[in-house]
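Scroll down for the structure; my scribbles are underneath it.
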Amino acid sequence: MNLFTSFWVLPILFILHDFEEMIIMPLWKEKHFDLLSHMHHPYFGSVTNGQAFSIGVLEELLILIAISIICGINNNHALYTSCLITFAIHFLKHFTMCISAKSYVPGIISSIMEAPFVVWLIIHRLMLSV
């Protein structure tokens with residue numbers, strides 16, 4: 001199994017995706033305050049502090065690392081594939097937010113870049129489990 005199909009690719013993709021969100025989200029929320037203030041559930045929740053958002057990202061990353069270790073030890077493709085599918089669904093959320101906001105939202109660039117690869121990974125993993 002190479003790097004692209006190993007159990008470590010999901011945490012790597014997560015880091016790349018969430019770096020975009022961590023860097024841009026606080027400024028984006030400031031700039032789009034009017035749009036967000038009228039929403040019942042504003043994008044990225046009520047967090048406006050980049051450091052607080054980064055702590056949440058770190059928690060998610062640690063969970064993904066633990067899942068990668070467990071899947072690697074047990075060769076558990078089903079659990080790993082379900083996490084990849086969840087990650088792909090997360091991209092759909094970014095696409096939806098971008099369309100409804102009619103502008104850039106943090107995370108959309110990495111979502112566009114990573115989505116085809118994640119779909120390929122899901123298909124590849126599903127074929128391994130058959």
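All of the numbers you see were taken from the coordinates with simple rules; none came from a lab. Predicted, not measured: the structure shown is a model, and the values here were computed from it. Note that each Cβ is placed from the backbone with ideal geometry, even for glycine, and that neighbours are counted across all protein chains shown.
In plain terms, the chain from Ile89 to Tyr104 could stretch by 3.6 nm, reckoned as 0.36 nm per residue minus the Cα-Cα distance.
Report the extension gain between Trp120 and Phe19 in nm, rounded to one decimal, defined as 0.36 nm multiplied by the number of residues separating them, less their alpha carbon distance. Can you show the working numbers first?
Values: separation 101, 0.36 × 101 = 36.36 nm, distance 2.24 nm.
Contour length minus the Cα-Cα distance gives 34.1 nm.
The modelled label-to-label distance for the pair Ile12/Leu128, using points 7 Å beyond Cα in the direction of Cβ, is 1.3 nm.
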